Amino acid sequence: MTDIAKAIAGLIATEIAARPEQVRAAVDLLDAGATVPFVARYRKEVTGGLDDAQLRTLETRLGYLRELEARRAAILQSIDSQGKLTSDLSAQIARVMTKSELEDIYLPYKPKRRTKAEIARERGLEPLAETLFENRSLTPLTEAEKYLSDDVPDTKMALEGARDILAERFAEDAELIGRLRDYMERKAVLRARVIDGKQEQGAKFSDYFDHAEAWSKVPSHRALAMLRGRNEEVLAVDLELDADAEGKYKPAETMVAAHFGIRADGGVADQWLMDVARWSWRVKLWLHLSVDLMGRLRERAEDEAITVFARNLKDLLLAAPAGNRATMGLDPGIRTGVKVAVVDATGKVLDTATIYPFQPRNDIQGSLAALTALVARHKIDLVAIGNGTASRETERLVSEMLTMIPAPKPMKVVVSEAGASVYSASETASNELPELDVSLRGAVSIARRLQDPLAELVKIEPKSIGVGQYQHDVDQYRLAKALDAVVEDAVNAVGVDLNTASAPLLARVSGLGSALAEAIVAHRDANGAFSARKQLLSVSRLGPKAFEQAAGFLRIRDGSEPLDASSVHPEAYGVARKIVAACGRDIRQLMGDSAALKTLDPRSFVDDTFGLPTVRDILAELEKPGRDPRPEFKTATFADGIEQISDLKPGMMLEGTVTNVAAFGAFVDIGVHQDGLVHVSQLADRFVKDAHEVVKAGDVVKVKVLEVDVRRKRISLSMRRDASPDRHAETAQPERNAPRPKKAAQSSPSQGALGAALSDALRRSK
């Protein structure tokens, strides 16, 4: 391992609270093609037990630091080729650990177009600049007269040339740039103003028509809102610094002067140099650093927005499945009718229909008869109702239908339909359901996502699921990469049934990907179900490496090898059989026998290949084979008669489902087609720093209505026991922070309500 690689490993180790040797081992595995889920689950001995969160951070930082080292090498080569690389400069470059610091040092040596300073040097004015800088007792005008020529006809041009030369030097001083950057980070103010004439057009940004706050404290959602307003040419967004500072020179200008020993109370040359310092700050340094800080603001805001999206997506993917039960999915609609799809316990489509209980047909009786017949014919256990337009009306129709049929009655559940329309029109849906009309595919998706949210949602582009903020405003590559990692971790944490999983689900399994997933499905279709994991090696193009990475995450129920139904990796079957032999029992009898397994000493089964962590994992898996880490299924019950926002009254106690969680609070679907906001201050009877501490997407919660604004479609909710509408009204402060963001593409009405509620996000937060 090179010195650079060791240095990178040491730095990452500090950041993730690990030892350098753990990081080096993990890096070797990842470089060899291992996935994060595989390393986290099956290489604990090698990495010293690094978990998936540590490994994801390691993976991200490794990429950044390797890019940094590549850029450092390129800069050293560039400076060396100019003959300007000294041992001190080389050491300085070697010490910096951020890309911005590296570029600061490189700035004087960076090839650039012909500058005013270069032109001044060509006219022979560099000695004048040096003389005035070194000897402060001189008179600039007098000295300038010595440098007049055909190219420099007057002293004004001579002094401007000298200024340009010194200004370039000042603006390329890495130490000064660093100090000024630190100062701006502490003191800069982000200012947003409406552009004249855009008040009406940009009404959604009205909270920012005259807004200012410290750069260092701007939260992600407000930063992205203002930047969106600027992109839409509604807002002018700029940085301000020392706007209220008094005196001839601003603090930043004084900092530039002081760095070069220039005194405001000095001689004539000092006065001239003070003007050079001021000019350097205003013309060069301010512009450079403002662009830098605005870029970092966006990057910081994007990082937070991506993190929030990723956390919400993870919670949604790992939501409780209703299980393998016959399900009827309803995709509500008014004029176009309610689309109905029936799927069996495995998700196979059994029947479809379209009913028209609403205007203009109002065929209530025919709709009830059709639903009743489908329930009886297919022995339906669950009814999944999409939460979009006409959701509550459709739910009421189903409730009436349930009164007409004998027990056992199916359970009705309102399901988020975010992304269902995206899936319906996708190539995946076309391949899965070629015989179905696009309009009916959404109903199939709604039914399946109730059975198994993870298995169905992986078919939809994560950005279309609608659990992010300003998702279209962030770097799409970084967003996609982060969300893909979340999906990969979720899929592999749960495991996948090899004989029932779709190609999109299999594609997320460690070591597979789309091509191998499709090859597995094709092999399964041609040869029947897999009876053992080892049969995967007969799949076209699936070699030993892919098998190693994937096998432990694939499950085979009732196969020839009982361990294939567990997360025990085939490479460790020998250890598992030693454990079974020690109990003197048949493996099928032993699996699930907690009492027998707890009598064993894990250390007895440690060998040269498999250490104590692996043995303990095997014992845990034998105790609860194929266990699902997801919570028990439960659903919210919406209040009867509360179907529209106008039905809400302050003080009402309601049940709802958390649809989205942001730093400032949680959005809850209470069945009125508009999510309500539980501000972070209303989440608990204690101080809550981060809403994710209390709730996550998919949670069923009880809330109290605090305030309803029907016109603006905003609902304020509380989960505090001492919550009171009167108290809320007394303490509420005027909102000045966030406009509504655009809806996520193809999101449901309730998901889109995230935007409508954002204006209330920071109420009472100042």
Length added when fully stretched, residue 57-residue 364, from 0.36 nm per residue minus Cα-Cα: 105.0 nm
Cα-based helix-to-principal-axis angle, 174-187 vs the chain, degrees rounded to 10: 60
Residues whose placed amide H lies under 5 Å from that of residue 415, excluding near-sequence neighbours: 385, 386, 387
Estimated [θ] at 222 nm from DSSP helical runs (n ≥ 4, -39500 (n - 2.57)) normalised by residues in the chain, nearest 500: -14000 deg cm²/dmol
Folded to 0 to 90 degrees: helix 286-317 orientation relative to the chain principal axis, Cα: 10
Set of lysines near residue 598 by C-alpha distance (under 25 Å), chain-local residues within fewer than 8 positions excluded: 44, 578, 624
Inter-probe distance in nm under a simple model that places probes 7 Å from Cα toward Cβ, at residue 154 and residue 627: 8.7
Relative contact order for region 150-305, counting Cα pairs under 8 Å that sit 6 or more residues apart, in percent: 28
Cβ-based exposure ranking for 235, 68, 397, in which fewest neighbours within 10 Å come first: 68, 397, 235
³J(HN,Hα), Karplus 6.51/-1.76/1.60, whole Hz, each residue of region 244-259, x for Gly, Pro: 9, 5, 9, x, 5, 10, 6, x, 5, 5, 5, 4, 4, 4, 4, 4
Which of 423, 477, 573, 356 has the fewest Cβ neighbours within 10 Å, and the rest in rising order: 477, 573, 356, 423
Bridge type composition, the chain - antiparallel percent by DSSP, nearest 5: 75
Theoretical gain in end-to-end length, residue 71 to residue 484 [0.36 nm per residue, Cα-Cα removed]: 146.0 nm
Built amide H within the under 5 Å cut-off of residue 235, gap 5+: 195, 230
FRET efficiency estimate (nearest 0.05) - Cβ-Cβ, residue 324 to residue 32, R0 25 angstrom: 0.10
Set of lysines near residue 704 by C-alpha distance (under 16 Å), chain-local residues within fewer than 8 positions excluded: 649
Charge sum, other residues only, whose C-beta stays under 11 Å from residue 602's C-beta, Lys/Arg counted +1 and Asp/Glu -1: +1
For residue 707, distant residues with modelled amide H under 5 Å away: 716
Average Cα contact separation per residue, the chain, under 8 Å, 6 or more apart, as relative contact order %: 10
Estimated vicinal HN-Hα couplings, Hz - region 678-685 in sequence order (Karplus 6.51, -1.76, 1.60; Gly, Pro = x): 9, 4, 4, 6, 10, 7, 7, 7
Region 559-570 - phi-based ³J(HN,Hα) in whole Hz, Karplus 6.51/-1.76/1.60, Gly and Pro as x: x, 6, 10, x, 5, 5, 8, 10, 8, 5, 6, x
Inter-label distance, nm, simple model (7 Å from Cα along the C-beta direction), residue 400/residue 522: 5.1
Calculated diffusion of region 281-344, Stokes-Einstein form, Kirkwood radius summed over Cα pairs, 25 °C and 0.890 mPa s, µm²/s: 145
Extension reserve of the residue 589-residue 15 stretch, reckoned as 0.36 nm per residue once the Cα distance is removed: 202.1 nm
Degrees separating the helix 612-623 axis from the principal Cα axis of the chain, which is the longest one: 30
Largest-first principal axis extents, alpha carbons of the chain, Å: 106, 69, 49
Net charge of Cβ neighbours under 12 Å - reference residue 7; Lys, Arg +1; Asp, Glu -1: +3
FRET efficiency for residue 541 and residue 427, using Cβ-Cβ distance with R0 set to 25 Å, rounded to 0.05: 0.75
Ranking of 275, 647, 315 by count of other Cβ atoms within 10 Å, fewest first: 647, 275, 315
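Bear in mind these aren't lab numbers, they're just calculated from the coordinates by the rules spelled out. Bear in mind that the values here come from a model prediction, so they are computed numbers and not experimental data. Cβ coordinates were reconstructed from backbone atoms using ideal geometry, including for glycine residues, and neighbour counts include every protein chain displayed.
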